[in-house]
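The values are calculated or read from the model by the stated rules, or taken from the named source; none is laboratory data. Model, not experiment: these values are computed from the prediction. Note that we place each Cβ from the backbone using ideal geometry, even for glycine, and neighbour counts take in every protein chain shown.
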Amino acid sequence: MAGVASPTAAFPSLETALKHHFGYDQFRLGQRPVIEAVLKNQDALVIMPTGGGKSLCYQLPALLKLGVMVVVSPLIALMQDQVDSLTDNGVPATYLNSSLDFNAIRQREADLLAGKIKLLYVSPERLIKDRGINPAFLGLLNQLIQTVGVSGFAIDEAHCVSEWGHDFRPEYRQLSVLRETFPQIPVMALTATATERVRVDIAQQLRLRDPLIQVSSFNRPNLFYEVRPKGRDPYGELLRQVKRHQGSGIIYCLSRKRVGELAEKLTADGQSVLPYHAGLSDETRRENQTRFIRDDVRLMVATVAFGMGINKPDVRFVIHYDIPRNIEGYYQESGRAGRDGEPAHCTLYLAYGDVATADYLIGQKPDETEQRIARQQLRQMIDYAETSVCRRRVQLSYFGESLEGLCHQCDNCLNPPPVEDWTIEAQKFLSCVARCQERFGMAHIIDVLRGSKKQKILDLRHDQLSTHGIGKDRSVEEWRLLGRSLLHQRLVDETTDGYPVLKLNAASWQVLRKQISVEVAVPKDFAPGPAEAAAIEDTPEVAQLLTVLKALRKRLADQQSVPPYVVFPESALRQMAQTRPQTIAAFGQVSGVGSRKLEQYGEVFTDAIRQFCADYGLESDPGAGRRRSRPARERRQAVGDTHRHTLELHRQGLSLDEIADQRGLKPTTIASHLEHLLRQGESVNVDRLVDIDRQQAVIAVLTEMENASLTEIRDRLGPAYSYEDIRLVRARWQTEQPKV
């Protein structure tokens, strides 16, 4: 039977249990109330964005309650990845799926019945057979209930339950048999995306009883969104962007053919890349996905078949080379970037030829209702791509969430078009919706406003409405711009059943009564947005130590045949690089270091950090993380012995390479020492290190792109200019600028 153990029995508080098992000091927003509800055996519906911490909502209760938590997960790769991560944290978890042979299954079932396992992952196909519970699995469940107990059922990726979701799976719809067969066992449903309609459908289909409904914000503030037009050389632009980005990336395409072509071109241009689509064999897909997750390759070019199985938290960029089919799918796919909370970049390339391809693919659907709904969703996606308002506002509005002000993390916010007062036009538009009795879509309303004499207008006698022809002074595109803006600002509603009919809401009537005004962002000619999301540059020491720690993490992960992020997420490595913990006690304070991680990795990582600090004459620096967000000119660090040694050799007239050879260090490290010395006011002869003509070229770019990163500056100058040259010239140039 389902049971609960008070967290105080083993831990003074839920936070203590969280730190012990998972290494985190506090819960993320929304996690605690869900965990408390699950501990009380209450049903729950959890909507949290990708990277928001959904899994913890059932994993921690599973460790605190009596019995086994059964987790339904849609993909073998996803459940294997979850089990790997849990096992590395010392959490007893396992899975049962078709990848296991008979003996392995029997051993795992024996471990379950012996009470050695707290979380069991299964696929819906293994759970359900012929619209009921698979008899073989039903037998195991009954044995578990009679022995160790079953603490609950967790339905992951629960949007698959709803036919209104973006990834509906019929077998998920049959999971209601769990409630019918085991009415006493609590059920929780979890997903990253669900509109109000999908949430209601999930609760009804799974027969949740008075569930706690936790809907966290869909806002992912660490993601930067931009839309770029596909120009004459789209591949060249894509290649340049890929080279500019650091870290792992995913490039999504609509067709298998496009995936293959891009993967081949990128490989030929020296990029570390693999393809992924449904046309490849299961074995090839698994191998390619594993190599990407384990950082053996940097890029994955894929169709949307490369979806829910991706649990890689350190993807730094996602590029949609073709337009996605709907906003919900785009939110999910772009959301595979930055799951670790670190800055990440999401780019969508727009070409109207791709829209035609997407429409053709929709036309292949056998069901006309599905086609109709899919075409409406595609039009919403085009509206998103064409909009001149905050892109995050459009996304959040789709999920019924509002955003006040600008996000400052999208191309439209950082390069905003001028805003104009269109209140009178909005009143005309909304009045026309009312006169047409809220029974028509945007195209018809615009036809009436512009005085069209189409046969449909005449047959409906809409040419006799008072609003007929009152909008002749505006073009069709201007009225569409207004209509989209009203929808994005939630000043008018639109039905979502495939027949996009405009409906007035309370805010619409406020506009009509002159109680609120309407402002519309009018697009300028396209100007390329900022190259990448603004990320705070690491100090040279942090960047170098982070490289060392990543290499160590990769080696340890390869030894265990797990992805690197299973050892530690990148955010934990970055905190180590910033604070440089050199004792086990200090290492245990790093976020993400729980009891098991401390025991397993504490010594090897602190050894590596101590060695690095000894090589570079550095101390442990608990304040480094706090100073990281301050402007460079406000950071003042003492000049250590290692920097003094470099300065002495420089003043003896040695070049960068000569100093590096004599000290047994890399020229990049010596350049970072000299940069640091320059910023501390020490005298460094840059003229002797960098040719005057080259300095002038660098300064010209700096004057034009003052806040650009080293990578952006070098991209502008070309490969003939070294990072060392740019770093030194930039440091002197910045220190010579007048303080404001």
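What the table shows:
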quantity: Filter result for Thr290 (outside the structural domain of Cys346 (by TED's automatic domain parsing) and under 22 Å from Ser334 (Cα atoms)); calculated: no
quantity: Subset of region 197-237 [surrounded by 17 or more Cβ atoms within 10 Å (Cβ to Cβ) and among the basic types (Lys, Arg)]; calculated: Arg199, Arg220, Arg228, Lys230
quantity: Only listed residue being assigned to a loop (DSSP other than H, G, I, E, B), within 18 Å of the chain's Cα centre (by Cα) and modelled with pLDDT of 90 or more, chosen from Gly270, Gly338; calculated: Gly338
quantity: Residue, farthest from Gln107 (Cα to Cα), within region 139-172, restricted to residues that are modelled with pLDDT under 80 and surrounded by fewer than 22 Cβ atoms within 10 Å (Cβ to Cβ); calculated: Trp164
quantity: Filtered residue count, region 397-455, keeping only those that are on the phi < 0 side of the Ramachandran plot, in contact with a Gly (Cβ under 6 Å, 6 or more places away or on another chain), assigned to a loop (DSSP other than H, G, I, E, B) and free of Cβ contacts under 8 Å to residues at least 60 places away in the same chain; calculated: 1
quantity: Residue check for Ile105: touching a residue at least 40 places away in the same chain (Cβ under 8 Å), in the same structural domain as Asp201 (by TED's automatic domain parsing) and of a type in the set (Val, Ile, Thr); calculated: no
quantity: Count of residues meeting criterion [small (Gly, Ala, Ser) and at pLDDT below 85] in region 375-393; calculated: 1
quantity: Residue count, region 248-270 (criterion: surrounded by 15 or more Cβ atoms within 10 Å (Cβ to Cβ) and either in contact with a Pro (Cβ under 9 Å, 6 or more places away or on another chain) or on the phi > 0 side of the Ramachandran plot (or both)); calculated: 7
quantity: Unique match (being in contact with an Asp or Glu (Cβ under 8 Å, 6 or more places away or on another chain), of a type outside the set (A, V, I, L, M) and under 23 Å from Tyr95 (Cβ atoms)) among Glu226, Glu171; calculated: Glu171
quantity: Which listed residue, of Ala93, Ala114, Ala136, is crowded, with 17+ Cβ neighbours inside 10 Å and assigned by TED's automatic domain parsing to the domain that holds Leu175; calculated: Ala93
quantity: Subset tally (residues that are assigned to a loop (DSSP other than H, G, I, E, B), out of contact with any helix residue (DSSP H, G or I) (no Cβ under 8 Å at 6 or more places or on another chain) and surrounded by fewer than 16 Cβ atoms within 10 Å (Cβ to Cβ)) for region 473-514; calculated: 5
quantity: Selection from region 108-157 of residues that are within 18 Å of Leu175 (Cα to Cα) and among the small types (Gly, Ala, Ser); calculated: Ser123, Gly132, Ala136, Gly139, Ser151, Gly152, Ala154
quantity: Which numbered condition Val297 misses (of (1) in a helix (DSSP H, G or I); (2) under 27 Å from Ser561 (Cβ atoms)); calculated: (1)
quantity: Any hit, region 640-653, residues being loosely packed, with under 11 Cβ neighbours inside 10 Å and at pLDDT 75 or above; calculated: yes
quantity: One residue from Asp81, Asp101, Asp25 being more than 30 Å from Tyr398 (Cα to Cα), surrounded by fewer than 22 Cβ atoms within 10 Å (Cβ to Cβ) and under 27 Å from the mean Cα position of the chain (by Cα); calculated: Asp25
quantity: Number of the condition not met by Ser722 [criteria: (1) crowded, with 17+ Cβ neighbours inside 10 Å; (2) in contact (Cβ under 8 Å) with a residue 12 or more places away in the chain]; calculated: (2)
quantity: Tally of residues being within 28 Å of the chain's Cα centre (by Cα), under 20 Å from Glu342 (Cβ atoms) and either surrounded by fewer than 17 Cβ atoms within 10 Å (Cβ to Cβ) or of a type outside the set (A, V, I, L, M, F, W, C) (or both) across region 581-593; calculated: 3
quantity: Single residue of Arg220, Arg232, Arg207, Arg179 found to be in contact with a Lys or Arg (Cβ under 6 Å, 6 or more places away or on another chain) and part of a loop (DSSP other than H, G, I, E, B); calculated: Arg207
quantity: Residue that is farthest from Leu223 (Cα to Cα), among those in region 381-396 that are among the hydrophobic types (A, V, I, L, M, F, W, C) and assigned to a helix (DSSP H, G or I); calculated: Ile382
quantity: Which numbered condition Ala358 misses (of (1) assigned to a loop (DSSP other than H, G, I, E, B); (2) among the aliphatic types (A, V, I, L, M); (3) at pLDDT below 85); calculated: (1)
quantity: So Arg28, is it more than 26 Å from Thr147 (Cβ to Cβ), in a helix (DSSP H, G or I) and free of Cβ contacts under 8 Å to residues at least 60 places away in the same chain; calculated: no
quantity: When residues of region 404-449 are limited to those that are exposed (fewer than 14 other Cβ atoms within 10 Å of the Cβ) and farther than 30 Å from Arg461 by Cα, the one nearest to the chain's Cα centre (by Cα); calculated: His408
